[in-house]
Amino acid sequence: MPCERKPIRYAHAEGHTEVCFDEEGKFIVTCGSDGDVRIWESLDDDDPKFITVGDKAYSLALRNNKLVTATSNNTVQIHTFPDGDPDGILTRFTTNATHVTFNSTGSRLAAGSSDFMVKVIEVLDSSQQKTLRGHEAPVLGVTFDPKDEFVASSSCDGSVVVWNIEEQTQVVSWPLLQKTSDVSSAKSLCRLSWQPVMAKLLAVPVDTKVHLYERGSWDHVITLSDGLITKPINAVSWSPCGQFLAAGCVAGLLTVFDVTTKMCLERQKHEKGFSVCSLAWHPSGTQIVYSDTMGCLGLLDDLSFSNSTSKSTAKPPSKKPANDYDDLFDEDDDDRVMDEGLSDTKSPLKKHAAAEADEYDDDDFMPLTGRVKNRGAILDDDNSLDTGSLKFGQDKFGDKDDDDDDDGGSLVAAPSVPLVPLQPVYDGPLPTPPQKAFQPGSTPAHLAHRFLMWNSVGIVRGYNDEQDNAIDVEFHDTAVHHAMHLTNSLGHTIADLSQEAVLLACAGTDELASKLQCLHFSSWDTNKEWMVDLPKGEDAKAVCLGQGWAAVATSALVIRLFSIGGLQREIFSLSGPVVCMAGHGEQLLIVYHRGTGFDGNQSLGVQLLQLSQKKRQLINGEPLPLSLKSYLSWLGFTAEGTPCYVDSDGVVRMLNRLLGNTWTPVCNTRDTCKSKSDHYWVVGVHENPQQLRCIPCKGSRYPPTLPRPAVAILPFKLPLCQTATEKGQLEEQFLRSLLFHNHYSFLSSSGYEIDEEGQTNSQKEQQELLMKMFALSCKLEREFRSVELAEMMTQNVVTLAIRYASRSRRMALAQRLSEIALEKANQAQEDEPEEQEEEPERPSVRRPSGFSQTEVTERHYSNRYNQEEEEDQGEEVCEEDEVQEMETEETAGIRKRSNPFAKDSASLVTPSLTPVTKVGRANPFKLPGSGKPSPSSVQPRLTNILDNMTSGRKSTPQSGSAGKSNKIPVLKPLALKPKSKAQSTLLQMTGAASKKNQGNTEPAVDQQKQPEATPPASTTEENKRPKTGFQLWLEENRKNIMADQPDIQETDIIREAMGRFRTLSAEERLSWTERAKGQTGDAADVKKRKRATGGGEDVENEDVQTDSDQNGAKKKKSLDSSSKLSAFAFNKN
């Protein structure tokens, strides 16, 4: 030999793959577990034609331009070749067919199935079938006797059976194989093969050997084996001449045997060691194509058997020139058969022609038949008219001893034939076939069971088989409507579904027009269905539904709009054939062919219309961007109404209204696919939350109808640069947040109600991301970048950025940020009246600018007082705290009010709600008597902002030290938490008089607590009334409640006490009530009651009472019940 092993290439998804040549050897045809049949012009064909035949294809056979496939829907289908048009179903099984094969003439087909049966079907009349029963396990392989008398089959039951076709009986059965229960668990596929032409031998792979059985006697006559074969043989295939046998092994070894000499002529190892599951010979006998269980395709080329076939080369080459066609083809059949075993380059008749073809390196110049093609169709230069080239065939193929032969049967045209002027040959890019119209969310129309529509509302399934032709409609939310079963008598192939109606359409025929049918199930009247006939010769290509309208695109390049009740509303033309449409609310999205694409690219245009009361066109025929050499696979809207689409490369793009209606890629589903043949079938897109809802399809582009596919959720990710870094991740999150929350402004401008809370949260999220990027830029010493980020911030977030820059010792950056803050404050002040007049209801993350900067600073330090030392120690902690602080300010901005706790009005500027101006204010954090001059009233405001930040930083260590006496008098009362209303009520009930006495000795504290602790006059009068039994019980049991629940809040103590008091018996509650009545006596009764409950603490309590009367301003209030009761009794006296 030796032969050349071509590198393997990817052909199908992981799984069983079969391969064959067409009858002329021009194409390689494969099928695989992805459900596609692919037609390759050569092994290097990067764009094979494919035919989708089902979810999975288990086997294929090709003869007489008829392509037969065994698919996973338990049928054996037939398609035309190479067009791939469906041509019917030959037969059905109760489970999937495993192997199909034609007889030698192509008139019959044999098919084996996993339901233990073998069927022989007449191709022209599929009703003529013969069923061969006898196997006890799934059938592995079948093969026809070349004389069409017998069929041989192998099975998982371990037997190889020869059947008589006419009698439908077993002729012989050999128990040769290991028994298994299923094809997937079989150690060998046992694809047996019958010797062609002579039909003498049946080859059966048995473990690591090949057994040859003689036809008629059925004796085992030959065994072919090789020492290198260590794994079972999966398949065998005879060469066209019938002399050589190729075998493919589980371990990936390919061998070629000479049957006459029983020798192994060729051994080739699969380059990856995958299991070879199918192989086929080229009709010329010079190539073997093979496939493996991983979906790869390989080729053995330049097979030559001259050294081992003396009989084939014994005949000398004929010296007679091939001047007559009769001489070329009038040869004996035996000679023709033996000559077919030779390669093209070794054949005597083709030797010189092939050599010349190799010289020019172009198969179009010199075909292997020896005939010279018209070179004028290729050569377009001046030399192509030279008469010397007209003698090309004579010089190369004419007999040198007979140069004067002027026989009219010469291979080259006679010189008397007039020469036609040559036309220029186009050598540019080739046009791309236009993409056919499709319905988004549907599976191919040729499938018997398919999805007509799957969207966010529900699912529309279509069934078209021998048993039923119907449509099922299922809703995700049964509250919209119950499921429906419709008889598809009109043959609808297009559908759409909304929360108002189901829209169906069918193509027209010679007798019937194309129809549009609408089931308006949300109608309040009894007539819920209407139907429209399209004009003659006009077919529906795409349909869609919106809110109150329906649209259909037709083959006449027009769009027809109907109301949901059936009124014809609008009609307009398209610039090209429609590809698909989608509707959402009042928006209609149309994609069509705007021109011819080249080099595998589609040229698509898009139109976006808004069908509100004031109709307008948002996008007018702009080009639709697609990935290189891809096509459109899905079109639709997000749940919030933003147009988006997906191409065949898995790239999801969304309309970016912020950038002039451009399309931004937001996800690539291929990034999450495990295999090249895996895809995601998109069914819906959501912006809030950010979800891409799709169905994973293993080895296919679309899912099967049964079992019901599961929906997966994929995240979005913009394809920015360096997303592995922290900077890239933050930038991606920020841009994605801007893009996915832009729908709020669009819906608001369109008059829809929006989720104000969601919009506020989105703006808050964007500001948080900006602050994080700002902190990162400061760490990386990118101050210019930090200023760029600050320009996108709101006024309050810029204030936080100034503080961060000040603490980071970046004073130049803080100065620039203060200028930005001033501009934003002035801009907000100018825009505020306009926003209140035009859109008072629209929320905004930018709060009114009427709050002064001093007040913002005060609130910042009140929230951050206890964490100032930590911020000074590390910038990393500071970064996280700044984000948390921003959240606090965003949420607390509405609750701003004047500070009631200030001690000295001179040391603190009273906050006001006047608009912020350029006039400066006093620094509230400047220490009194520090010697620094106060800012002038005419000083610019930006200087005050920076001063506030720096002086606040300097005061931080002083405020944090507990031992120094010069603490800032402003911050101390701010750090105290105001008491709640429930606490004030409880203190009023138990110790109002004690507070009054303490307030006389400590006016500052009294001023601090006056707004909440001072009771009205009616409350004071109520305190003079006798106590109730519950109040008395609470005072004595308060310690127990707090001991049982140490973390309990003050507001919950009364609730817990009331619950416990109710659990007491009636007698106990009555006794407490009587004891409370005795409380109106003198103080001695109170002290007796205290001795009974509190032990010997009465003396100590008296001392505490006396001390508190003298030094009440220096001690904290005691919360235990005994001290409160003692104070109450003292004040009563």
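Could you tell me how far the Cα centroid of region 565-644 sits from the Cα centroid of region 436-480, in Å? Region 436-480 and region 565-644 have Cα centres separated by 22 Å.
For the set R1069, R215, the ranking by accessible area, highest first and with no ligand, DNA or RNA atoms included, is R1069, R215 under a 1.4 Å probe. Annotation: extensible slack from C673 through D427 equals 84.8 nm (criterion: 0.36 nm per residue apart, minus Cα-Cα distance). Each part reduced to its alpha carbon centroid, region 32-46 and region 242-270 end up 25 Å apart. Along each principal axis, taking the top coordinate minus the bottom one, the Cα set of region 21-89 gives 32, 24, 17 Å in descending order. Note on Y804: accessible area approximately 0 square angstrom, rounded to 10, probe 1.4 Å, nucleic acids and ligands left out.
The heavy atoms of M793 present about 0 square angstrom of accessible area, all protein chains included, probe 1.4 Å. 3J(HN,Hα) along region 613-627, derived from phi through the Karplus expression 6.51 cos²θ - 1.76 cosθ + 1.60 where θ = phi - 60°, amounts to 4, 9, 5, 8, 10, 7, 10, 10, x, 6, x, 9, x, 10, 5 Hz, with x in place of Gly and Pro. Here r is the Cβ-Cβ distance between I89 and C721 and R0 is 41 Å; the resulting FRET efficiency, rounded to 0.05, is 0.20. Ordered from highest to lowest accessible area with the whole protein assembly present and a 1.4 Å probe, E1035, E783 read as E783, E1035. Residue-normalised convex hull volume from the C-alpha trace of region 8-301: 112 Å³ per residue. Distances between placed amide hydrogens fall under 5 Å for S700 paired with H679, all partners being 5 or more residues away or on another chain. Set the Förster distance to 60 Å, then compute FRET efficiency between A556 and R782 from the Cβ-Cβ distance, nearest 0.05. For A556 and R782, the calculated efficiency is 0.50.
Taking one equal scatterer on every alpha-carbon of region 685-761, how large is log10 of I(q)/I(0) by Debye at q = 0.15 1/Å? Result of the Debye calculation: -0.75. Ligands, DNA and RNA left out, the accessible area of region 72-191 computed with a 1.4 Å probe is 45% carbon and sulfur.
Expressed as a whole number of Å, what is the distance separating the alpha-carbon centroids of region 122-186 and region 92-120? Here the answer is 9 Å between Cα centres. Among the listed pairs K6/K629; K676/K698; K6/K272; K231/K674; K209/K231, those with a Cα-Cα distance over 18 Å are K6/K629; K231/K674.
Going by accessible surface with a 1.4 Å probe and the largest first, D477, D427, D472, D292 read D427, D477, D472, D292. Shown in residue order for region 747-757 are the 3J(HN,Hα) couplings computed by the Karplus curve 6.51 cos²θ - 1.76 cosθ + 1.60 at θ = phi - 60°: 5, 5, 5, 8, x, 8, 6, 10, 7, 5, 5 Hz (x for Gly and Pro). Each residue of region 1047-1056 is assigned a 3J(HN,Hα), and the resulting list reads 8, 5, 7, 4, 6, 9, 5, 5, 4, 5 Hz, derived from the Karplus form 6.51 cos²θ - 1.76 cosθ + 1.60 (θ = phi - 60°), x at Gly and Pro.
When the Cα convex hull of region 204-261 is projected onto planes of every orientation, the mean area is 4.0 nm². Under 5 Å between amide hydrogens, built in the peptide plane, is the criterion, and for C667 it picks out V652, K717 among residues at least 5 positions away or on other chains. The trypsin sites (Lys or Arg not before Pro) of region 155-197 that meet both conditions, a loop assignment by DSSP and at most 16 other Cβ atoms within 10 Å of the site Cβ, are K179, K187.
How many times 2.2 N^0.38 Å is the alpha carbon radius of gyration of region 475-565?
Its radius of gyration relative to the 2.2 N^0.38 Å reference: 1.08.
Segment D472..S745, full-extension length gain: 94.5 nm, with 0.36 nm per residue of separation and the alpha-carbon distance subtracted.
Given a 1.4 Å probe and the protein chains as shown, Y645 ends up with an accessible area of around 0 Å².
Only protein atoms count toward the accessible area here, which uses a 1.4 Å probe; on region 489-577, the carbon and sulfur part of that area reaches 49 percent.
Roughly speaking, what is the stretch gain from K528 to S127, that is 0.36 nm per residue apart minus the C-alpha to C-alpha distance, in nm to one decimal?
This chain segment gains 140.1 nm when fully extended.
Look at the alpha carbon pairs under 8 Å that are at least 6 residues apart: their mean separation over the length of region 8-301 gives a relative contact order of 14 percent.
The values are calculated or read from the model by the stated rules, or taken from the named source; none is laboratory data. Nothing here was measured: the structure is a model prediction, and the numbers come from that model. Note that we place each Cβ from the backbone using ideal geometry, even for glycine, and neighbour counts take in every protein chain shown. To get the accessible areas, we keep the full protein, side chains included, count just its heavy atoms, and leave off ligands, DNA and RNA. Shrake-Rupley method; radii C 1.70, N 1.55, O 1.52, S 1.80 Å.
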